[in-house]
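Here's the structure we're looking at; comments come further down.
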Amino acid sequence: MNRRTAIKNVIILGAGAAMLASCQDNPTVILKNIPLTGSQEKLLAAITEAILPSTPEFIGAKELESHKFLLMMTDEVTAPEDQSKFMTGMLKFEEACKLKYNTKFIKCPPPQKEEFLLLIEAKTEVAEEVIGFYQIVKRYTIQSFTTSEAYLTQVRNFSLIPKKYKGCVPVASV
């Protein structure tokens, strides 16, 4: 009887430990200067996906993981005072979305996300911190897209190795 109770308790304890680990809010990106939670990283991923959605013809911000590029650039390149403005803007962004739609940005359907971002683009009914935050997110999202291999090779027809060089070509007389 005691062995059964012990096995049952070990199974319950193991399941509880596994469940506890999955409930943590840890980000997938380790940053030096910006304190980030997993839910904030998911918010940034949702914003970048709303800015640059995937299409059947081409990849979007989700496949490029633009939010990781954004976080890396903000963490390593941006000045400390701008980093604090970025974090404040992210909190204000989420608050503004909750005020407007009574839900988090992540849980909004795509038309509401687009409407909210267009509201920010128009710079009406939103705080300056939100506008500044959105401009940083948009700038780095577009930069991550335009510097991606897929964009450069499929859209710009960029080739890392130049074509054959023809140095001695006769010039036709004029």
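Just so you know, all these numbers are worked out from the coordinates, no wet-lab data involved. Since this is a predicted model, take the numbers as computed values, not measurements. No Cβ is skipped: glycine too gets one built from the backbone with ideal geometry, and neighbour counts run over all protein chains shown.
Check off (1) among the acidic types (Asp, Glu); (2) closer than 28 Å to LEU152 by Cα; (3) touching a residue at least 12 places away in the same chain (Cβ under 8 Å) for GLU94 and give me the number that stays unchecked.
Unmet condition: (2).
If ILE131 satisfies every condition in (1) free of Cβ contacts under 8 Å to residues at least 60 places away in the same chain; (2) under 24 Å from GLN83 (Cβ atoms); (3) part of a loop (DSSP other than H, G, I, E, B) but one, which is the exception?
(3)
Let's see how each residue does on (1) of a type in the set (Gly, Ala, Ser); (2) in contact (Cβ under 8 Å) with a residue 40 or more places away in the chain; (3) outside any loop (DSSP other than H, G, I, E, B):
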residue: LEU99; (1), (2), (3): no, no, yes
residue: LYS104; (1), (2), (3): no, yes, no
residue: GLU114; (1), (2), (3): no, yes, yes
residue: LEU119; (1), (2), (3): no, no, yes
residue: TYR140; (1), (2), (3): no, yes, yes
residue: PHE145; (1), (2), (3): no, yes, yes
residue: ARG156; (1), (2), (3): no, no, no
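Being exposed (fewer than 13 other Cβ atoms within 10 Å of the Cβ) and not hydroxyl-bearing (Ser, Thr, Tyr) is the filter here; which residues of segment 34-62 pass it?
Residues satisfying the conditions are PRO35, PRO56, GLU57.
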